[in-house]
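As structure tokens, the structure follows; a few thoughts come after it.
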């Protein structure tokens, strides 16, 4: 049996977790105090039972807050640091799809924002899910900014809201895709993408949120946490696959999200969110293979968002 072997020479190092301190503070200012939008009314009693989701359900949030962005070079030294006010929208839409050969729902979150009124950034997170008979929602898979994140089965959202009710779990996604080795005869193997996700959703107590009319929303105050780490098997993708692996290719993403929400179960969405996220991407700069040795360089891009989201439009089927 003949096997093509390669060794790996790396320049720089990979940040673990949400990024090293590097002596640079990762704090950012509070959201503007004048962000006083109210959710669209008239306000209603949000109830306790999760909506039965339908394809075409859409919620639009107006977004305001602040962002901090830090770019590091291949030696992990900071190159640029930018911060400022953020404005934009977040749209969640439900569609009916087939996932891994079975009917499923796809929740597409599209966050569009600009810092200091400048260039627009779009981030997309697709969550593939199934709603159970008790109303709870089970996550089946994810796709992050057009990159497949794999398959998993874990509870994501509760079917019933109540004091102290909580759902969530930790799971490692099963990677998607295969490649063929240079063995004789060739061997087909799965890519060893690594995707670990942990979610937690807890109802703490009831709440009340002013609407655009005199009637407030009766809501459930909830706390949501979502962390994930995604490592792409980029060396095998570069060596064996036809997909593009080169400058600008993401080789690792780590993100931590926390959110305190005012949920309206009847509408299947929060009417207001206090949302924080820190995301670290490792971006490939160059990669070459010569005499069986793969050499690559990359840099780190880190961004933190501290946002207020207010539901300003929705359409339920």
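The values are calculated or read from the model by the stated rules, or taken from the named source; none is laboratory data. These figures come from a predicted structure and were not determined experimentally. Here the Cβ is made from the backbone with ideal geometry for all residues, glycine too, and neighbour counts use every protein chain on show.
Might you let me know whether segment 239-260 holds any residue that is assigned to a helix (DSSP H, G or I) and either in contact with a strand residue (DSSP E or B) (Cβ under 6 Å, 6 or more places away or on another chain) or within 30 Å of residue 160 (Cα to Cα) (or both)? Looking through segment 239-260, at least one residue is assigned to a helix (DSSP H, G or I) and either in contact with a strand residue (DSSP E or B) (Cβ under 6 Å, 6 or more places away or on another chain) or within 30 Å of residue 160 (Cα to Cα) (or both).
When every residue of segment 291-305 is checked against the conditions, at least one turns out to be without any contact (Cβ under 8 Å) to a residue 24 or more places away in the chain and not in a strand (DSSP E or B). When each of 94, 49, 137 is tested for being in contact with a strand residue (DSSP E or B) (Cβ under 7 Å, 6 or more places away or on another chain), under 23 Å from residue 169 (Cβ atoms) and exposed (fewer than 15 other Cβ atoms within 10 Å of the Cβ), the lone residue that passes is 49. Residues that are within 18 Å of residue 61 (Cα to Cα) and touching a residue at least 40 places away in the same chain (Cβ under 8 Å) were ranked within segment 113-142; the one that is nearest to the chain's Cα centre (by Cα) is 113. Scanning segment 160-207 for residues that are loosely packed, with under 14 Cβ neighbours inside 10 Å and part of a loop (DSSP other than H, G, I, E, B) returns 162, 163, 164, 182, 183, 184, 185, 186, 187, 192. Of all the numbered requirements in (1) under 26 Å from residue 42 (Cα atoms); (2) crowded, with 16+ Cβ neighbours inside 10 Å, residue 313 misses one, and that requirement is (2). So, residue 117, is that one exposed (fewer than 15 other Cβ atoms within 10 Å of the Cβ), farther than 26 Å from residue 316 by Cα and either modelled with pLDDT of 90 or more or out of contact with any strand residue (DSSP E or B) (no Cβ under 8 Å at 6 or more places or on another chain) (or both) or not? Criteria not met by residue 117.
Of all residues in segment 89-112, exactly one satisfies the criterion of being in contact (Cβ under 8 Å) with a residue 12 or more places away in the chain and assigned to a loop (DSSP other than H, G, I, E, B), namely 100.
If you go through segment 214-238 and keep only what is surrounded by 17 or more Cβ atoms within 10 Å (Cβ to Cβ) and not in a strand (DSSP E or B), you end up with 216, 232, 233, 234, 235, 236, 237, 238.
List the pairs whose first member sits in segment 237-257 and is over 29 Å from residue 304 (Cα atoms), whose second member is part of a helix (DSSP H, G or I) and at pLDDT below 90, and whose Cβ atoms are under 9 Å apart, counting only residues at least 6 apart or on separate chains? Matching pairs, first to second residue: 243/237.
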